[in-house]
Each structure stands twice: as C-alpha cells, then as structure tokens.
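Okay, structure first, notes after.
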Amino acid sequence: MQFGTPLPPAARRAPTFHADPAADARQLLGALLPPRPALYHVLQAHARLAVLGLATARALPQLLAALPRLTLAAADVSHSYPLLLFRCSNCTSAFASNHLLRVLPHPLPLRLFPRLPRRNPHSFTFLLASLSNHLDTEPAAAGSIASRFMGTHVHALAVKAGAAGDLYVRNAQIHFYGVCGDVAAMRKVFDELPIVRDVVTWNAVLAGYVRAGMVGVAREVFDGMPVRDEVSWSTVIGGYVKEGEPEVALGVFKNMVAQGVKANEAAIVTALSAAAQLGLLEQGKFVHEVVKRVGMTMSVNLGAALIDMYSKCGSVAAAKEVFDAMPRRDVFAWNSMICGLATHGLGHDAVQLFEKFVSEGFCPTSITFVGVLNACSRTGLVDEGRRYFKLMAEKYDIESEMEHYGCMVDLLSRAGLVQEAVELIEGMRIPPDPVLWGTILSACKRHGLVDLGITVGNKLIELDPAHDGYYVLLASIYAKAKKWDEVRKVRKLMSNRGTSKSAGWSLMEAHGIVHKFLVGDMNHKDSARIYNMLCTINRRLAEAGYVPDVSSVLHDIGDEEKVHAIKVHSERLAIAYGFIVVEAGSPIRIVKNLSVCGDCHEFSKMVTKVFGREIVVRDGSRFHHMKDGKCSCHDYW
C-alpha cells in the first residue's frame, strides 16, 4: 500500500468505537498494517487514526508496537518519529519502553535507558541486542571498544537488577560475547545456569565458537546438544565452509537431510557454496534436489547461490536455466551469471548479458565489472576490455581495485601486449601486488620474452621468496631457452629456501564418491585397471598421430624420461579412471588445483576426438570444455 492508494476494505468501513481508544486503534491497525510494514505504512496508518480522532495518548503505543516489524533496518528509520510517539503517548509501561529500545539505532538505547520510566528483564535483552547488532555490522568502528565495554556494563546492571537469570537476557549476553569474540566470557555465562537453557542458548554458543574460528569446539557443542533445530545445523555447516572444509560441510548437510531435518535457506546456500568450492556437480545437484523436494521458494539469494554453484561445477547451461527461471533477479544474481559465463570462456555471451543488465536499469557494481573484464580477458576482447575499464570510472564512478587491474593485465598479456600491461601496472594509483607481476611473468613464458621474464622473475622471487609458482615460471623460461644451468640454480635456490613445488592433484566424482589422484599415483584401489586403461588410451592416440610435447618438463634429461614424466600427470589418471566408471555419453568431469599443462591439454583434446568422449576440466583459473578434439578456450588460456 502506498500513499494515494485505496485503503483495504476493512479500513474503509465505518469504525465501531469502544470506550477504550487503544482497543479501537488496535482493531484499525490490524486492518491497515501488513505483517511486515514499511515506514510509509505506519505513517499512513497514523494519519488515518488522526482523521478518525483515535490518535490519542492511549492509542499511540499501538503504533509504537508496530515499528519493530518494519521491513527497513533500524538505522534507516529516523529516531525522531518513534521518540515523538513515545513522548506524546505519555506512557509509563515497560511494554512501550522496550518497543522504543528495539527501534532506536545505536547508541540511543544506551543513552535513554537510565531515563526510561519503566523497565523489565526484556529491557536488558534489547540493550544487548542493540550493542551486538552494532558490533556485527561495524566490527572495526571506532566505537566498537566502547560498545564492548558498555556490553559488560549492561551485563552488570542485569545482575544487579536480578535479571541475569532470565532466559532471554542470558541468550542476549551469550550472543553479545560471541559477537565480541570473548569466548571465555560467553562460555562462563553458558555454564553458570545449566537448567536455564533452550535451543537458542545452544545456538548462540555454536555461533560464537564459529565466529572465533573454533569449529572443532563448535562441533563438540553441537554433538552434545539435547535438541537441535535447523539453525544449529546451518551454523555448523557454515563453520566448516568458513574454515575451508567444504567436504565436511557437505557431509554434515547430508546427515541433516538423512535425519529428516528440514533445511533452512541458510543451510542450503552454505551447502551450495561448499559444492561450488569443490567444483563437484553431483554434490551440487544433491543440494538442488533437496531444494525441490522441500518446495523452497526461489529467493534472490538462493537463485544466485544456485547459479554460482552450477557455474563453478562446470554446468553453465544449468546455471542459465536457473537464471532464466528466477521470478525476480537482483544485482547478485546478474553478477553470478556474468562471472559464470566469463569463467567458461563465453566472453561474448557475458558481454551481451552485461549490456542487457544495464539496459534493464540495474547499476553495475565493482563485482559486475570484474566479471565483464574477466570475460573480455578470457576471449581476447581487447578493445571491449579497454572500453569497459574506462567506462567503470567515467560513467559509474567506480574506482579500479586490484581485481580490475588484474583482469586488464591478464587481458593485455594474453593478447601479446605485454609492454602495455607493464605500463598499466607502473601507472596504477595503488601499489601493485605480486600477482600482477606474476601475470607478466606467465606472459613472458607464453610469448618467449626471455629477458623481461628473467628480470621480472628474479624481482618476484625477492619480493615473495615463499611463493613456489614464481620459481617454477622462471625455471620454465630458462628451460625454454635451453639454459639448463640456470634452471638448476633456480631449483637449488628453491630448495635452499625450503620452498617446494605445489603437488598437482585432480579430483573426479563418480556415483557420489570423490576420487583424488596425484602425479604418478599408485595408491588408488583400482590402480592396475587405471594404468592398463591409460596404456590403451596412449596407444590409440599414438596411432592417431599424437606426439607428446615435453617442453614443460624442467629437467635436463632425455626425451624418453620426459615423456614418461608427462604420461603420469594426475588429470590423465583421472581421465583413465573416468573411462572405467563413467558411462559412455556422460562427460568426464575433473577438478584440478593447478593450471593444466600444455601437453595434457592437447592430450585431453585428442582423447575426445579419438574416443568420442566429452571431458570438462576445471583448473586453477578457468573451465575447459573439450569435445570432438576442440576446447572451449580455443587454446587461449
């Protein structure tokens, strides 16, 4: 309902007046206000009460009671209106005082609390909630230390008033200390009165430990809970995702579903995030099936999470289906779709979607431009990338951040415009991070710029001596130039500094089980079958004319030894196992932690041509969809 729109039928009827104006106001407000009103609903209702002569001091507390249900955040509601209602009502009840505390933005509740005419235990609950919300939204604010001190002061006042044993006050105290990160004080309050607990109490402790990064302790608390609800489960799932354990998070989610607990949106979105991190489509599809089974409404948050999951799990077509079917899309959903298309190398599609996004009246954010610039980089759209980079600042007043510079440096470097990329880095308004120079180093290897590569590589090793990738790239540049003595020096320096090359691994999911392969892996239960299949694949490819490219092997050894080293790369073992366990006609999906090497890329393309199989690889930077001897990256990665 907006200003000037007709009132609901119940509000248009002639009111039936009673002796009590508050009862009349309550009846009319019940007809005028929706369950979660906006501020203009309350103001319009107030005007209606005034017209009918019901805006009396006794009736105004009913309006005050409606304010905590506002759909707007408390910080967006002017404090003058609720204060005016409170003063005009001349009300001395704790009921009205508590409603006032609920709607006033921090720090007004603390300032007004000593002057309130009536208080009860719930007053302390709302005071602590105000402090917790302030710390939660502005943890680094200048007044956060003062807020922490005031929280302990309110706790002391509650003890003095005899309200510390109230369940709601205790829950608010535990939540406050959890938000502060003071787990010792949080646990002390929790342990003080074991008989005064409910599921909210347990959930507050769970959330406090998760905030502090103590997911192991949170799991112990979770396992000891007498009763769990969907919030308990979603908190633990979120804790494991936060601590970088998405496999465990998905295991907890599956256990929750198996126990018949109805997952809330928070658990669903978090589980989708875990599946997206792993890049395993079957896991993500399982979560989506749960969404369909429980009939969950497709909110904008859920839709964006599904788009992100399908994009990162290699099914951009499924992501597009979700996007197209969403009843309402916000900026996050558009960003997820644009970024997903970019990651899959569909740069032209991403650019078209961006233009549609703008034409529908949405305002791009910093993330939107990361997506569209990344799309240009993946597809070699140099002119478009330059134009969007300029448009971002000139039209939308968005300052370039490291991610935007990274996309532009990558775009220019891949296109062979390495000198322009170097000039862009040197002209940045913010200090460049080593990753940008690492992109230049990769370009030097790709384009054979030995002298520049050596200069940049040595500079990076001094800037970040613990980063193994810079040693490997520099050694690759020396190896490409046949400077084997320099290769040995780099490897020796790497060894002396205790830096080792990150072990490459590949994941492959089959029938709900995740299989992990390392280079030359012999630990898989089906190793014998895998290597026999790999021999068959190698023989067929050799007959079709495939010749290994051993330039990526950084050793001065014979070509035969180099060929053997390449033949046991982790993705080849995963492909061979895929031939065994993935039914014909279904793609073999692989997730790698590192970028695929040039020869494995050619090997995989040749497999799809000779055997008619489809292979999807998510490496450290993008997706490669391979079919009929061709790759979606067009060998541009």
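Tabulated data
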{"item": "Calculated from backbone phi, Karplus (6.51, -1.76, 1.60) coupling profile of the stretch 626-631 in Hz, x at Gly/Pro", "result": "10, 7, 6, x, 10, 10"}
{"item": "Sites ILE195 and ASN458, calculated FRET efficiency, Cβ-Cβ separation with R0 60 Å, nearest 0.05", "result": "0.35"}
{"item": "Centroid-to-centroid separation of the stretch 165-203 and the stretch 383-446 [C-alpha atoms, Å]", "result": "49"}
{"item": "Lysines with Cα under 17 Å of LYS445, excluding same-chain neighbours fewer than 8 positions away", "result": "LYS459, LYS480, LYS482, LYS483"}
{"item": "Residue order, fewest to most beta carbons within 10 Å, for HIS601, HIS511", "result": "HIS511, HIS601"}
{"item": "In order through the stretch 402-419: 3J(HN,Hα) via Karplus (6.51 cos²θ - 1.76 cosθ + 1.60), integer Hz, x for Gly, Pro", "result": "4, 5, 5, 4, x, 4, 5, 5, 5, 4, 5, 5, 5, 7, x, 8, 5, 5"}
{"item": "Extension reserve of the MET225-LYS516 stretch, reckoned as 0.36 nm per residue once the Cα distance is removed", "result": "101.3 nm"}
{"item": "Within the stretch 505-631, percent of DSSP bridges classed antiparallel, to nearest 5", "result": "80"}
{"item": "Simple spin-label estimate for ILE430 and GLU243 in nanometres, 7 Å along Cα-Cβ", "result": "3.1"}
{"item": "Sites VAL159 and ASN264, calculated FRET efficiency, Cβ-Cβ separation with R0 35 Å, nearest 0.05", "result": "0.55"}
{"item": "Euclidean distance between Cα centres, the stretch 329-367 to the stretch 473-535, Å", "result": "36"}
{"item": "Residue-wise HN-Hα coupling along the stretch 201-210, computed from phi with Karplus coefficients 6.51, -1.76, 1.60 (Hz; x: Gly, Pro)", "result": "4, 4, 5, 5, 5, 3, 4, x, 5, 5"}
{"item": "Only Lys, Arg (+1) and Asp, Glu (-1) charged, at Cβ; the stretch 505-631 dipole about Cα centre in debye", "result": "440"}
{"item": "Under 14 Å, Cβ to Cβ, from GLU401 - net charge with Lys/Arg +1 and Asp/Glu -1", "result": "-3"}
{"item": "Largest to smallest principal axis extent of the C-alpha atoms in the stretch 505-631, angstrom", "result": "42, 31, 31"}
{"item": "Diffusion coefficient, µm² s⁻¹, Stokes-Einstein with Kirkwood Rh over alpha-carbon pairs of the stretch 248-326 at 10 °C and 1.306 mPa s", "result": "130"}
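Bear in mind these aren't lab numbers, they're just calculated from the coordinates by the rules spelled out. This structure is a prediction, so every number in the text was calculated from the model and none was measured. Ideal geometry is used to build each Cβ from the backbone, glycine not excepted, and the neighbour counts take in all protein chains shown.
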